[in-house]
Amino acid sequence: MPRLVDHDQRRAELGEAAIRVILREGLAGVTVRGVAAEAGWSTGSLRHYFGNQHELQAYVVQATNDTLRQRVLPRLQRPRAQGSMVEQVADIVEEFLPFDAERREEYALWSAIVEWERQHPPEGGSATWNDQRALYRQVIAVIRGDEPVREPGAAALPHSDPHVELWAAILHTFVDGLASQIMNTPGEVPAETAGLLLRSLLEVVPRRFSGR
């Protein structure tokens, strides 16, 4: 009797193999031949699932995005230690900074997604970028004294307060730049310095009723 093949499981295995390739070689290393070798498959077997490199890379980018969400969301949602609002918010935002091996891997995976989207601009914009902007929008709203938006679809929309939109953009740009410095110039921006810079920025976000 022929053995039944779980195609979803096999595609998941391919996604995991491709992610290992990305971490070693970047997105350019995700070829039919390279991923087949990493997964221990023949090239012909892999072509049963993906007809060409473009199809393979598109699948891998989606699998990578899913992997990042599965890694990061539980950390963002974990209970926070008591402290000032700025301290609690900074603790959340730091999940995006590559301070340790796990988050450096996540940064490398995120960079692969960015490279794919640069080559193949998605309709409706980058889902990863939009997810991050929605988080920063929430962060700024909370610091300013607004109630956070609980419904994900609403959080993805521009905030009615233009100050929230402005400071969400500033924070997003700041965190991306800080992450790049930590990743690309190791040792120049230690975690303690990065944390201080982040908290310094959050402290100057104008509060809604401060009169500033």
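The values are calculated or read from the model by the stated rules, or taken from the named source; none is laboratory data. Computed from a predicted model, the values in this text were never measured in an experiment. Cβ coordinates were reconstructed from backbone atoms using ideal geometry, including for glycine residues, and neighbour counts include every protein chain displayed.
When residues in region 3-49 are screened for being of a type in the set (Ser, Thr, Tyr), assigned to a helix (DSSP H, G or I) and touching a Lys or Arg at 6+ places or on another chain (Cβ under 7 Å), 1 of them pass.
One line per residue, one yes/no per condition, for (1) in contact with a Lys or Arg (Cβ under 6 Å, 6 or more places away or on another chain); (2) within 19 Å of residue 25 (Cβ to Cβ); (3) not hydrophobic (A, V, I, L, M, F, W, C):
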residue	(1), (2), (3)
56	no, yes, no
67	no, yes, yes
72	no, no, no
80	no, no, yes
104	no, yes, yes
110	no, yes, no
115	no, yes, yes
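Filtering region 70-112 to residues that are under 22 Å from residue 137 (Cβ atoms) and in contact (Cβ under 8 Å) with a residue 60 or more places away in the chain leaves 86, 87, 89, 90, 93, 94, 96, 97, 107. Only one entry of 89, 72, 60 meets the criterion of being part of a helix (DSSP H, G or I) and farther than 25 Å from residue 9 by Cβ, and that entry is 89.
Out of all the residues in region 144-165, is one or more under 13 Å from residue 96 (Cα atoms) and in the same structural domain as residue 96 (by TED's automatic domain parsing)? No, the conditions are met nowhere in region 144-165.
Of all residues in region 141-162, those satisfying the criterion of being touching a helix residue (DSSP H, G or I) at 6+ places or on another chain (Cβ under 7 Å) and under 20 Å from residue 198 (Cα atoms) are 141, 142, 143, 144. Looking only at residues in region 182-192 that are crowded, with 16+ Cβ neighbours inside 10 Å and out of contact with any Lys or Arg (no Cβ under 7 Å at 6 or more places or on another chain), the one that is farthest from residue 203 (Cα to Cα) is 182.
A Cβ distance below 8 Å, combined with a sequence gap of six or more or placement on separate chains, defines the contacts here; from region 34-56, residues that are within 23 Å of residue 120 (Cα to Cα) reach residues that are in a helix (DSSP H, G or I) and among the basic types (Lys, Arg) in the pairs 49/10; 49/11. Filtered by the rule that a residue be part of a loop (DSSP other than H, G, I, E, B), in contact (Cβ under 8 Å) with a residue 24 or more places away in the chain and of a type in the set (Asp, Glu), region 113-159 gives a lone residue, 146. For region 162-179, the tally of residues that are loosely packed, with under 15 Cβ neighbours inside 10 Å and either modelled with pLDDT under 95 or not in a helix (DSSP H, G or I) (or both) stands at 1. Just one residue in the set 89, 61 is within 28 Å of residue 174 (Cα to Cα), outside the structural domain of residue 8 (by TED's automatic domain parsing) and within 23 Å of the chain's Cα centre (by Cα); that residue is 89.
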